[in-house]
Structures are given as C-alpha cells and as structure tokens.
1. Which part of region 234-250 falls in the paramagnetic zone of MET1, meaning amide N under 13 Å from the point 7 Å along Cα-to-beta-carbon?
2. How fast does region 31-186 diffuse by Stokes-Einstein, in µm²/s, taking the Kirkwood radius from C-alpha pairs at 20 °C and 1.002 mPa s?
3. Under 5 Å between amide hydrogens, which residues at least 5 positions from ILE232 or on another chain qualify, with H placed 1.01 Å from N in the peptide plane?
4. Dipole magnitude of the chain about its Cα centre, charges +1 at Lys/Arg Cβ and -1 at Asp/Glu Cβ only, in debye to the nearest 20?
5. I'd like the distance separating the alpha-carbon centroids of region 1-47 and region 102-152, in whole Å.
6. Relative contact order of the chain, please, whole-number percent, based on alpha carbon pairs below 8 angstrom and at least 6 residues apart.
7. Taking every DSSP beta bridge with both residues inside the chain, roughly what % is antiparallel (nearest 5)?
8. Would you mind checking the tilt of helix 186-203 against the longest principal axis of the Cα atoms of the chain, expressed as 0 to 90 degrees and rounded to 10?
Amino acid sequence: MLLEVRDLQVEFTTRDGVAKAVNGVNYSVDAGQTLAVLGESGSGKSVTAQAVMGILDVPPGRIAGGEILFKGRDLLKLKEEDRRKVRGAEMAMIFQDALSSLNPVLTVGAQLSEMFEVHRGMSRKDGRARAVELMDRVKIPAARERVGDYPHQFSGGMRQRIMIAMALALEPSLIIADEPTTALDVTVQAQVMDLLAELQRELNMGLILITHDLGVVADVADKIAVMYAGRIVEAAPVHEIYASPAHPYT
Ligand SMILES: Nc1ncnc2c1ncn2[C@@H]1O[C@H](COP(=O)(O)OP(=O)(O)OP(=O)(O)O)[C@@H](O)[C@H]1O
Ligand SMILES: [Mg+2]
C-alpha cells in the first residue's frame, strides 16, 4: 500500500475541553487508486487529511494515537525535516479555494518555477520553462503568454488548474484533494475533475478525494470511505456501496 492510516486519533483542545475530531480512522490507498472520502460536515474528513499531510494546526490540534504509514514508513515518527521533504515532493494537497492557497503577490510562473528552483536546484530560466510546460499540461490556453500573470487575473477554474499544476510539479505519488471543485460552477467542475483524473492515471498517483459530489465519486473512485463523527462507518469498493449501502448515513 502507498498510504495506510491506522487507528488515527486527533484531538482539539478547546475552551470547553478536549474534542475528539478523529476517533480511530482506518483507510488506505494504493498507487493509481482513488479513494473517495464522504461524510457529513464536521465528521473529520479534512482533519484526517491534514494529519496525513502534516499540516494540522498544532496546537490546538494533537495527534493522540495511530499510525500514518506512507511507503511503509510511519510519518508520525519522522523528524520534522524529513517530514517536510515528504510533504514537498512525495505528497501534495489541493484545496477548495485556490485564491487563498496561491500567493497573491507572486506571478503564477514565479510560484511554479519556485517548486523546481527550491526542490530540484534548477535555474530561474529552466524553472520558468518547466512552469510553462506544466501550465500546458493542465490545459491553460496560451501558457507562454500567461506565465507572468498574477493569480487574480485567472478565472476560478483556471486558478484551480494552476493549483493542480503546483501539486503535480514534483510528480508526487499521493495527491489529497479536499473538495477541489466545490467552488466552481458545474461545467467547470467536470472539466477540472476530468483533468485531475487524467493526470492521476498518467502519473499512476494515489488520490484521496474528499467530496460531497456523488456523481464524481461514481465516476472516478475505486473505493469509498464514509465518515461519521470522527470514524469510518463504511468502506467498500464503489459499486458495492452504491448497490447496497449499509450505514444509515450512507
Ligand atoms: N483548528 C481547529 N480547532 C478546533 N476544532 C477544529 C479545528 N479544525 C477542525 N476542528 C473540528 O474538527 C471536527 C472535524 O472537522 P473537519 O474540518 O475535519 O470536518 P469535515 O468532515 O472536513 O467537514 P466539511 O465537510 O464541512 O469540510 C469538527 O468538529 C471541527 O470543528
Ligand atoms: Mg472539510
């Protein structure tokens, strides 16, 4: 398995005491596979993803137990420096809102290029060339002309493509997409989702897709995990769950 989350527990310390946001989650995803994570608002989908990515707010958050095995290594036992390397190059996350994830005062080209300069030691010029390639790859029209534009100069759908380009820059083996198309209108949602699925197949990445869109799930997922109150209450291959859901929430 590429990623295996075992009995993960995450708590938040609040004024009213300790809240268990994630209470014994188990799930796994392999290379080339798509795991869809569904569940009501507040059930712990994003918090689980943040724990896997290593971007949990600590404090008030705390990982109280469990293991996050990535390529066989428990990420929770790594030193912060090694953890950072994994996060930069081997796994990447795509969020709902590209505008708040991209840097507003840097051009898109500079942000993409930086990935290659920092992680691959490339020159500014080579980094720029790779940025244009990436923008082409995520089907941004006239990439060469637009590489010097700022995030706010792109439409919502195009910004989402740029975030996908950032995530894919270093060809990670795992992508976590947390409601990547929720902020987009329906036709653009489909295009962005198709693009993500296509690149995932091409690069044989594992994909964890958090979504409320059951149409998308039926289309792209291999298996589903349904979360409820901090736990996985149901997990199965996608056609099984659609044919015979077992838990009431499902
Ligand atoms: N920084 C934080 N401080 C305190 N509690 C938090 C924090 N982040 C998340 N929580 C709590 O953890 C629980 C799980 O939240 P999470 O964001 O994972 O839900 P979700 O399943 O992603 O919901 P949604 O579908 O609305 O995105 C919630 O009760 C939430 O209030
Ligand atoms: Mg969420």
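Nothing in this text is a laboratory measurement; each read-out follows from the coordinates by a stated rule. Computed from a predicted structure; not experimentally measured. Ideal geometry is used to build each Cβ from the backbone, glycine not excepted, and the neighbour counts take in all protein chains shown.
1. From region 234-250, the list is 235-236.
2. Translational D for this selection: 127 µm²/s.
3. Answer set, sorted by chain and number: ASN26.
4. That gives a dipole near 700 debye.
5. Centre-to-centre (Cα) distance: 33 Å.
6. 28 percent
7. In the chain, approximately 60 percent of DSSP beta bridges are antiparallel ones.
8. That helix lies at roughly 90 degrees to the long axis.
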